[in-house]
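The values are calculated or read from the model by the stated rules, or taken from the named source; none is laboratory data. Here the structure is a predicted model, which means the values were calculated and not measured. Methodologically, a virtual Cβ is constructed for each residue, glycine included, from the backbone with ideal geometry; neighbour enumeration extends over all protein chains shown. Just so you know, the surface numbers come from the protein's heavy atoms only, side chains and all, with ligands and any DNA or RNA stripped out. Shrake-Rupley method; radii C 1.70, N 1.55, O 1.52, S 1.80 Å.
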Amino acid sequence: MATITRDLLRKRSEHNECMISTMEELTLHQEELVSIDECLGQSCRHLKILLLQNNIINKMENLHHLKSLEYLNLALNNIRKIEGVERCEFLNKLDLTINFIDLDDLESSIDNLVDRSHLVDLFMMGNPCEQDWKGFKNYVIARLPQLKQLDGTEVTRSMKITAAQQLPALVSELRGLAKERRERRDKEEEEQEKERRVKEEKKKRKEEKREAIESGKVVVEDVGESSEEENDDEELTGHTPEVRNEIYKEMAEQKAEKEAREKENQPQYRGEKEFEAQQKEAIDKARTREDRGEVRQCNEGKWPFRFDEDAKKGYVQLDVTVQKHLSSTLIDVDVNPDYVSIVIKSKVLRLVLPAEVEAEGAVASRSKTTGHLVVTMKKVDPNENMVALRAARKHAEKKVADERRRAASERAAKEGEKLGAQMLLSGSVQIEGMVSRSKGGVGAKDKVDIGMSEVKTTVSEKAKKGGGGKKRIDFPQSECPPPINVLLS
């Protein structure tokens, strides 16, 4: 359940540049308001339009400051009587649709509107007095001759004349009905009080029984009895102020639970101050473990890091990648001769050093460009770990050479594939110019004598006729090898 506060008024005054004092129109519908608080009249004295429909307001009060009020909407509330508008001199429209103004309070309610000479539009549809009495319309028209519309219907002159003639009889009838209604209401209130007490007693017994069951003193055996007790807790039905209050109460509880769940599911946005306590606790815990000798490498924050012993001879540098805009107050560095322990935003980074260092001379700094944390530590022995450094350097060089060889082999394989494709397409391969002349290759325009001469062949007459005769090959005299006889089959 909510009340009218200055914060709520300021929230609803955005259309007026959040100026409360000069606001002329205010909308507070569906805010689960239970009353019209005095804060409204004191803060918004110049209001002309006030919309308070669909709440659970029980009484018209604290309206005496709103002298400029022209339109008041209190539809769908728990109003039982029209009151509190004596000083609203310029009120010309009043909406009380679906409230609880009954016959026993109708006469006094209309009495409070008689002097509102500017009131020309009135809505009272859905109230018990309008539903239970046929003479309601003529009675209101006769009592309020300034009205021009009643429940959205135009009030004509003939209607006013007829209503004025019936007024004495209507007044007498209304008073009799009001007396009966008050008697009936008293009985209903007594019955409701009895039912309320019975329900409270049942609820109390049920709670006592539940406590006894939880403590183990009582064992539940009769299931039918418990089900009957559950059936006794019937929900409220009907259209009464009490029922509306219960409904809105349940709605408020459900809304609060939903908001709480949404708040839990939302990411927690915490600043530097919120992290300080958690950071201090994490530092104390880490240092306590280290004092006990529990030194184990860990990287709780998954921070990227690297050691560098080449950047500065005789020193070990630790570079930790942290957020550029992370506050340095959330970083704590503790350097020991053989390990370094860093707490970054409540997460521990503990690393064993590659060489023994002088803890007293260690320097921690932040990069202005990247925000990285750089811890520079001087070695006790500048030559310590040099073998490992040389081995690492040699390994790096070997890796580069392997990469070059692999790239060369890939290029050779690609050239071989290209050559094979050329042979398939043309049937011949152009080898001129493939090897440079500096390496013994042949240029495209060079003529080379490879020592070959023209060779003549002589075929016998028998071979010409297909008789499988002999074929004679004649070489030049300067290269006169022995004659070779070739048999053709």
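H118 exposes around 90 Å² of accessible area when a 1.4 Å probe is run over every protein chain in place.
Each peptide in 373-384, 11-22 receives the mean, over its residues, of other Cβ atoms within 10 Å, and ordering these scores from highest gives 373-384, 11-22. Any idea which of I110, H64, I141 is furthest toward the positive side of the dipole for the stretch 13-147, if Lys and Arg beta-carbons carry +1 and Asp and Glu beta-carbons -1? It is I141, whose Cα lies furthest towards the positive end. Of all DSSP-defined beta bridges confined to the stretch 1-153, some 5% are antiparallel rather than parallel. Simple rule: put +1 on each Lys or Arg Cβ and -1 on each Asp or Glu Cβ in the stretch 92-199, find the dipole, and look at A164, A178, I101; the Cα lying farthest toward the positive end is A164.
For the stretch 68-108, the alpha carbon convex hull comes to 70 Å³ per residue, rounded to a whole number.
Pairs from the table (K93/K258; K48/K160; K11/K249; K368/K398; K11/K59; K148/K187) lying more than 32 angstrom apart at Cα are K93/K258; K368/K398; K148/K187. Neighbours of Y248, meaning other residues whose beta-carbon lies under 13 angstrom from its beta-carbon, give a summed charge of -3 when Lys and Arg score +1 and Asp and Glu score -1. With the gyration tensor restricted to C-alpha atoms of the stretch 281-328, the semi-axes of the equivalent ellipsoid amount to 24, 18, 10 Å, longest first.
Listed peptides 354-361, 259-266 appear in the order 354-361, 259-266 once ranked by packing, highest mean of other Cβ atoms within 10 Å at the front.
Alpha carbon centre of the stretch 3-18 versus the stretch 153-169: separation in Å? Here the two parts' Cα centres lie 43 Å apart.
Take the Cα of A412, step 7 Å toward its Cβ, do the same at E24, and the gap between the two points is 9.4 nm. Using θ = phi - 60° in the Karplus curve 6.51 cos²θ - 1.76 cosθ + 1.60, the 3J(HN,Hα) couplings for the stretch 293-304 round to x, 8, 9, 10, 5, 7, 9, 5, x, 6, 7, x Hz; x is entered for Gly and Pro.
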